[in-house]
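Chemist: My structure is below; once you've seen it, I'll send some questions.
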Amino acid sequence: MTSVAEGYPLPMTSLEERPVVARSAGFGDLIIDFDDRVLEPRPWTVAQSRWAAELLRNAPAGPVLELCAGAGHIGLLAVSHEPRPLVSVDVSPVACDYARANAERAGLADLVDVREGGMEEVVAPGERFALVIADPPWVPSAQTGEFPRDPLLAIDGGDDGLDLARTCWMVADRHLLPGGQAVLQLGTAAQARQLARELRGVTRLRIRETRPFARGVLVALAD
């Protein structure tokens, strides 16, 4: 990894007066900038971007929504291959700064609207999307100590690891266009089955396909 390229200012939070060391990582054919306050892009999650791009080829007309976007890499890579407007949402101001800088670096700034805040607050009730990408924290709170290098905000999914995943599922249910789909990242197939049981009859979305990987699982949701 290398330091952030010249010309891309280092995001700062209002509570921090001193700069932190920024890093860069390859993600597919993009270069993504981040620092230790933001979750480092996981190479395996390129598969989420590729699946999203695959689904976009036959998706209804409309934009893409990315929830728990972090540095923005998963959504950016998806729309770099299948161009659509992208709304990128994260509660962390540092992550949002990086998402904007990474969109600029990728030449996609004109397509990307980065929104800082809770996903249920910054997506308007009437907004509809052709595809939702979600990468929520999915580590159970009791296990977050196993990952000391990762920012707690980016990995702590609550008691069972599914607090934010439930919210992502419900937000996708409310905001997907007819014929749209969501690609949700989780830690295990067991977590996916648990969510499916809990939310059956509560939302119109169902798991249509599960793809397991060594470090997590991806599920496609549709009605």
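We did not get these values from a lab; they are worked out from the coordinates using the rules stated. No experiment lies behind these values; they were computed from the predicted model shown. Methodologically, a virtual Cβ is constructed for each residue, glycine included, from the backbone with ideal geometry; neighbour enumeration extends over all protein chains shown.
Chemist: Compute the helix-to-body angle for 93-105: its Cα long axis versus the longest principal axis of the chain, expressed 0 to 90° and rounded to tens.
Modeler: 80 degrees
Chemist: Points 7 angstrom from Cα along the Cβ direction at Glu198 and Glu54: gap in nanometres?
Modeler: 2.7 nm
Chemist: Moving to a separate point now. Taking the mean number of other Cβ atoms within 10 Å as a proxy for protection, how do you rank 130-140, 205-215, 107-117, 174-184 from highest to lowest? Don't skip to the answer; put the middle values down first.
Modeler: Working: 130-140: 24.4, 205-215: 13.4, 107-117: 16.4, 174-184: 20.4.
Ranking the peptides 130-140, 205-215, 107-117, 174-184 by packing returns 130-140, 174-184, 107-117, 205-215.
Chemist: Of Thr45, Thr144, Ala101, whose Cα points farthest to the positive end of the dipole of the chain (charges on the beta-carbon: +1 Lys, Arg; -1 Asp, Glu; origin at the Cα centre)?
Modeler: Thr45
Chemist: In whole angstrom, how far apart do the alpha carbon centroids of the range 180-223 and the range 109-172 sit?
Modeler: Taking the Cα centre of the range 109-172 as reference, the centre of the range 180-223 is 14 Å away.
Chemist: Dipole size in debye (nearest 20) for the range 31-145 around its Cα centre, Lys and Arg Cβ +1, Asp and Glu Cβ -1?
Modeler: Details: 9 positive and 17 negative charges, 77 e Å.
Result for the range 31-145 is approximately 360 debye, rounded to the nearest 20.
Chemist: Ranked from highest to lowest mean number of other Cβ atoms within 10 Å per residue, what is the order of the peptides 120-128, 165-173? All intermediate terms of the calculation are to be shown ahead of the outcome.
Modeler: Values: 120-128: 12.2, 165-173: 21.8.
Most protected by this proxy first, the peptides run 165-173, 120-128.
Chemist: Next up: With charges only on Cβ, +1 for K and R and -1 for D and E, what is the dipole size of the chain about its Cα centre, in debye, rounded to 20? Mind showing how you got there, number by number?
Modeler: Numbers: 22 positive and 31 negative charges, 190 e Å.
Using Cβ point charges on Lys, Arg, Asp and Glu, the chain gives about 920 debye.
Chemist: Compute the length gained on full extension between Asp113 and Arg206: take 0.36 nm times their separation in residues and subtract their Cα-Cα distance, giving the result in nm to one decimal.
Modeler: Working: separation 93, 0.36 × 93 = 33.48 nm, distance 2.79 nm.
Stretched fully, the Asp113-Arg206 segment lengthens by 30.7 nm.
Chemist: Would you compute, from DSSP H runs of 4+ residues alone, the mean residue ellipticity of the chain at 222 nm, taking -39500 (n - 2.57) per run and dividing by the full residue count, rounded to the nearest 500?
Modeler: On the way: 7 runs with 65 residues, N = 223.
When only DSSP H runs of four or more count, the value is -8500 deg cm²/dmol.
Chemist: Given 5 Å bins starting at zero, what is the percent of C-alpha pairs of the chain in each, up to the one with the largest pair distance?
Modeler: 1, 7, 16, 20, 21, 17, 10, 5, 2, 0, 0
Chemist: About the Cα centre of the range 140-203, what is the dipole size in debye to 20, counting +1 per Lys and Arg Cβ and -1 per Asp and Glu Cβ, all else neutral?
Modeler: Details: 6 positive and 8 negative charges, 63 e Å.
Its charge dipole is roughly 300 debye.
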